[in-house]
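Presented below is the structure to which this report refers.
The values are calculated or read from the model by the stated rules, or taken from the named source; none is laboratory data. Just so we're clear, the structure is a prediction, and the values are computed from it rather than from any experiment. For neighbour counting, all protein chains shown are included, and Cβ atoms are generated from backbone atoms with ideal geometry for every residue, glycine included. Surface accessibility is based on the protein's heavy atoms, side chains included, excluding ligands, DNA and RNA. Shrake-Rupley method; radii C 1.70, N 1.55, O 1.52, S 1.80 Å.
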Amino acid sequence: MTLVQMQPRSASATPVSKTVADAMDTAGPQVCDDMTVEVALSVMASARVGHLLICDNDALCTGLVTQAQLTAVRDSSAYTDRVQLRDILGDRGPFTSPVTTMAEAEHAMRYRRLDALPVVDEQGSALGVLALAR
């Protein structure tokens, strides 16, 4: 029989889980939820981005819209030039926290079929956006 001496693992050998804060992009353009769809599409085109973070009058993040979502709304038969972003968002969210592990965030995004997810702090203010790599 051979004796094997076990040594405790050092703290540096423990794998560190990457968090959302390590991978998120800056927040980018944030617009108020009372903006119309047409104006939001213009902002996206000017900023050359594929999504906008939507905030309420208290500067709290209420969601994220993509160019594809806004184009679908604009092209629908029920569209008028008075449709505001708050009209198409529905419930607040989904969001993620900067301390969420990347594995958890990626799983949630794939499950919900999301390309991008707002990252918010404890108060609900937008910190950034987590986008899945294609």
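Observations, loosely collected:
- A count restricted to region 103-134 and to residues that are touching a Ser or Thr at 6+ places or on another chain (Cβ under 8 Å), crowded, with 17+ Cβ neighbours inside 10 Å and part of a helix (DSSP H, G or I) stands at 1.
- Restricting attention to region 64-102, the residues that are outside any loop (DSSP other than H, G, I, E, B), more than 21 Å from M44 (Cα to Cα) and among the aliphatic types (A, V, I, L, M) total 1.
- Options D87, D81: the member that is among the charged types (D, E, K, R), without any contact (Cβ under 8 Å) to a residue 12 or more places away in the chain and under 26 Å from R48 (Cβ atoms): D87
- Filter result (within 20 Å of L130 (Cα to Cα) and either of a type in the set (G, A, S) or in a helix (DSSP H, G or I) (or both)) within region 25-42: A27, G28
- Flag for T96 being under 21 Å from P29 (Cα atoms) and open to solvent by less than 40 Å² (accessible area, probe 1.4 Å): yes
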